[in-house]
Amino acid sequence: MDFILTNLPLILCLLVGVALLVLEVFLPGFGLPGIAGLILLSAGIVMTWISYGVAAGLGVTLIALALAGICISVSVKSASHGKLAKSALILNDVSRAAENEEREALMGREGETMTVLNPAGIAEFDGVRLNVVSEASYMTKGTKVKVIQVEGNRIVVRETKG
């Protein structure tokens with residue numbers, strides 16, 4: 001118990017550093033959690049080298065790298081096939097497919113422009129406002145439109161008569 005209390009800063013640096021690196025795996029880009037994780041891991045390793053010498057420092061370095069690798073690989077595996085994959089934290093293909101089906105259901109719907117389309121703007125369909133692009137180059141606000149094409153997030157509309 002005395003060993004843990006004496007080395008608590010070192011242990012916390014290593015554990016929090018690994019946790020921040022795991023968090024970084026799930027965030028886009030390379031940002032603050034990744035940098036902070038690397039700094040904390042480095043600080044823990046340096047504290048070990050200073051307190052216990054080269055041999056212990058080398059051992060802790062290898063253990064920290066192995067722990068980080070294992071934790072990251074388990075997290076990624078869980079995100080792709082485990083419990084984490086079923087959570088709302090991970091956007092999977094099923095939700096993207098549902099979104100695409102919803103967009104495809106817009107084909108042929110009629111609505112009204114809420115802003116000027118020059119050629120992009122906002123139109124409302126059954127109470128839902130969406131970003132749209134006009135087939136023509138310009139439409140005034142309040143123009144009746146119909147969805148003629150849906151390509152991913154791009155919704156193309158044409159002016160309707162009447």
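Overview of results
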read-out	value
Residue in the range 22-33 that is modelled with pLDDT of 85 or more and assigned to a helix (DSSP H, G or I) present	yes
Residues of the range 117-162 satisfying the condition of being open to solvent by less than 90 Å² (accessible area, probe 1.4 Å) and touching a helix residue (DSSP H, G or I) at 6+ places or on another chain (Cβ under 8 Å)	V150, G152, I155
The range 135-162 residues that are free of Cβ contacts under 8 Å to residues at least 24 places away in the same chain and closer than 16 Å to G121 by Cβ, paired with ones that are of a type outside the set (V, I, T) and open to solvent by less than 20 Å² (accessible area, probe 1.4 Å) (beta carbon under 9 Å, 6 or more apart)	A136/L117; S137/L117; Y138/L117
Any hit, the range 71-84, residues being among the polar types (S, T, N, Q) and at pLDDT below 75	yes
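The values are calculated or read from the model by the stated rules, or taken from the named source; none is laboratory data. Since the model is a prediction, treat every value here as computed from it, not as a measurement. Heads up, the Cβs are rebuilt from the backbone with ideal geometry, glycines too, and the neighbour counts pull from every protein chain shown. To get the accessible areas, we keep the full protein, side chains included, count just its heavy atoms, and leave off ligands, DNA and RNA. Shrake-Rupley method; radii C 1.70, N 1.55, O 1.52, S 1.80 Å.
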